[in-house]
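What follows is a set of notes on a single structure, which appears directly below.
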Amino acid sequence: MSLSSVLIAAVSLTYMAILFAIAFYGERRAALSPRVRAWVFSLSLAVYCTSWTFYGAVGTAVSTGWGYVPIYLGPIIMVVFGWEILRRIVEVSKKQNLTTIADFIAARYGMSRGVSVLVTVSAVIGMVPYISLQLKAVAMSFDVVTGGELVAGGGTPTTAFYLALVLAIFAILFGTRHIDASEHHRGMMLAIAAESVIKLIALVAVGAFAMYSVMGGPREILESMVIDERLGSVFLPSELPGGFMAQTLLAMAAIFCLPRQFHVAVVECGGEKDLRMARWLFPTYLVIIMLAVFPIAMAGLKEFGVGQVDADTFVLALPMAHDRQLLSLFAFLGGFSAATSMVIVATVALATMVSNDIVLPLLLGAKSLGMHLKEDMSGILLYVRRATIIALT
């Protein structure tokens, strides 16, 4: 069973139109109430959950068992027990008007420009391939649900190109509307929070389907782990997978060191009330996601075995194999949300770093251009950021 490519394209465009509408609403309305703002902030932190979380975590669970857990466990530990560290980072950043992770690290070294440039270049080098993976994941999922042939790189290049174009427009419209010290983007954050809800509900829906319709319920899953040697060897290991602790530590750091996470967790933070809400809501979100992955991996192994179907596509393949078209479409939208939210926030964060730490100093240093004589550089910075977003996507 496959879905019509016209249907998928129409639903994707409609979905993006809804995101645009949400973002416009967030930009034009008055400031949100403190409670609603705290919910939006907490949910927007889930931009951490990319297409890897939505698709790849299942594949990792199939190949390494509990090896997928550290990517969730690290942030949970950091937010719950390291809350004071996050609060302090936000406080320092607000006082010093720091708007990127490059600014924050450079501030620890006397606002060293060399350090900020190094961090910015490293971030761009590291994040550009990851952004391309998000676009590839959407293109691949499009081909999976429409029954198309996958190219060697995974996914139709044309699909990825048009998606990149739409996301660049979105990021430019709602991530580079103005230049100010706070760098708040209410509309963009409201849209990202909405996407977080969509991908959570979609993955939970597939997880519930896998548990009850494919496996027969929680009890049957536990029995399968004991009876089926193939499942037991994966999910009842004698020891934790290799690198479990190291990956957990890296994930703990990622929650505020990744450019997109620093932007959402620090720059967009409205105050301590936001952090207090996020301290329990964001970990709860991650726990639910983590639990949903397990039955999907188990059901996929039962349904397809090992090697017959790419485990990274189990989220889509399971409902498709049982002719659940609506669930398949919803699963596609969940993965679409996971990828697009990451690309939007990451490009905005990187564009800010590139413009602030590389382009602006170069323009000011070139005396022949006369930029150092201008009183207002905001217009030039906006164009630089927009050009950077286009280049990154």
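The table below lists the values:
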| quantity | calculated |
| --- | --- |
| Selection status of S132, open to solvent by 30 Å² or more (accessible area, probe 1.4 Å) and hydroxyl-bearing (S, T, Y) | yes |
| Selection count, the range 78-93, where residues are under 18 Å from S42 (Cβ atoms) and open to solvent by 50 Å² or more (accessible area, probe 1.4 Å) | 4 |
| M245 vs. criteria more than 19 Å from the chain's Cα centre (by Cα) and loosely packed, with under 15 Cβ neighbours inside 10 Å | yes |
| 2 or more residues free of Cβ contacts under 8 Å to residues at least 60 places away in the same chain and not aliphatic (A, V, I, L, M): qualifying helices (runs of 4 or more DSSP H) within the range 228-330 | 229-235, 272-304 |
| Condition check for Y25: touching a Leu at 6+ places or on another chain (Cβ under 8 Å) and open to solvent by less than 60 Å² (accessible area, probe 1.4 Å) | no |
| Total residues in the range 94-112, condition at negative phi and surrounded by 12 or more Cβ atoms within 10 Å (Cβ to Cβ) | 13 |
| Residue list for the range 314-335, restricted to those being out of contact with any Pro (no Cβ under 9 Å at 6 or more places or on another chain) and open to solvent by less than 10 Å² (accessible area, probe 1.4 Å) | F314, V315, L316, L318, P319, F332, G334, G335 |
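For (1) at pLDDT 75 or above; (2) of a type in the set (D, E, K, R); (3) open to solvent by 10 Å² or more (accessible area, probe 1.4 Å), each residue gets a yes or a no:
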site: T158; (1), (2), (3): no, no, yes
site: L163; (1), (2), (3): yes, no, yes
site: L167; (1), (2), (3): yes, no, no
site: L173; (1), (2), (3): yes, no, yes
site: T176; (1), (2), (3): no, no, no
site: I179; (1), (2), (3): no, no, yes
site: A193; (1), (2), (3): yes, no, no
site: S196; (1), (2), (3): yes, no, no
site: L200; (1), (2), (3): yes, no, yes
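Conditions tested, residue by residue: (1) open to solvent by 20 Å² or more (accessible area, probe 1.4 Å); (2) over 30 Å from I131 (Cα atoms).
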position	(1), (2)
H185	no, no
E220	yes, yes
L249	yes, no
F262	no, no
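The values are calculated or read from the model by the stated rules, or taken from the named source; none is laboratory data. Computed from a prediction, not measured in an experiment: that's the story for all the values here. Every residue, glycine among them, receives a Cβ derived from its backbone with ideal geometry; neighbour counts consider all protein chains shown. Side chains included, ligands, DNA and RNA excluded: accessible areas come from the protein's heavy atoms. Shrake-Rupley method; radii C 1.70, N 1.55, O 1.52, S 1.80 Å.
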